[in-house]
Amino acid sequence: MSPPHVECFPRLEGPLVYLALLLAVASLVFWVYVLFDVIGADSERVRLLPKPLWAMIVLFLPKLGPAAWFLLGRPAREPAASRGPVGPPPPFPEYEHPGRARASSPEEDEEFLRRCRERAEEQRRRAREIQNRQERARWERERGEHDGDEDPADPSS
C-alpha cells in the first residue's frame, strides 16, 4: 500500500499564477531600485546608519531592507522651490542664464552694436580680399593656359 498523497503547498492555477509571478517580479524590481538608491545616496545625508551598513541591510534582507531604507534611512527630499522652476522650458533657454551679459545703459548697448558692426565690416573686408585673390589666381591660370598654346620655339605654329 502506498501512503496517501499530501500536498504541502496549495496548487496555484489560472490567474493566480500570473499574479504571483507579477508580485515576484515587482518585488525584485523594487529591491534592485532600492539597492541602487542606497548606493547613489549622498553619504552625509543618509539617516540613522552609515551608508555601507544600509547597503548590507538592503542586500541581505530583500523584503525588510528596502522598507527600512524608505522609512528610516533615505535622505529627506529637498523642498520643490529649491529644485528650480516648474513648468515647460523657456523657448529660448540661452536667455535664461543669470550671468548673461546685458547692457545696463543705452550707451553700453550702443557700444555693443558699434563693435558688432565693426566686426561685420572686418569680416566682409576679409571675404572680399579672399575673393579677389581667388579671381586673380583664376585669371593668371587662364592667361597662362592661353600663352602656353603658342610656343615661339615651335616653327610649325
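Derivation of every value follows stated rules applied to the coordinates shown; laboratory data play no part. Fair warning: this is a prediction, and the values are worked out from it, not measured in the lab. Cβ coordinates were reconstructed from backbone atoms using ideal geometry, including for glycine residues, and neighbour counts include every protein chain displayed.
General observations
- Proportion of all alpha-carbon pairs of segment 15-76 beyond 13 Å (%): 58
- Considering all C-alpha pairs of segment 106-147, those separated by over 15 Å amount to 61%.
- If R0 is 25 Å, the Cβ-Cβ spacing of Met56 and Ala20 corresponds to a FRET efficiency of close to 0.30.
- Nitroxide proxy distance, nm - points 7 Å out along Cα→Cβ at Asp42 and Glu145: 7.1
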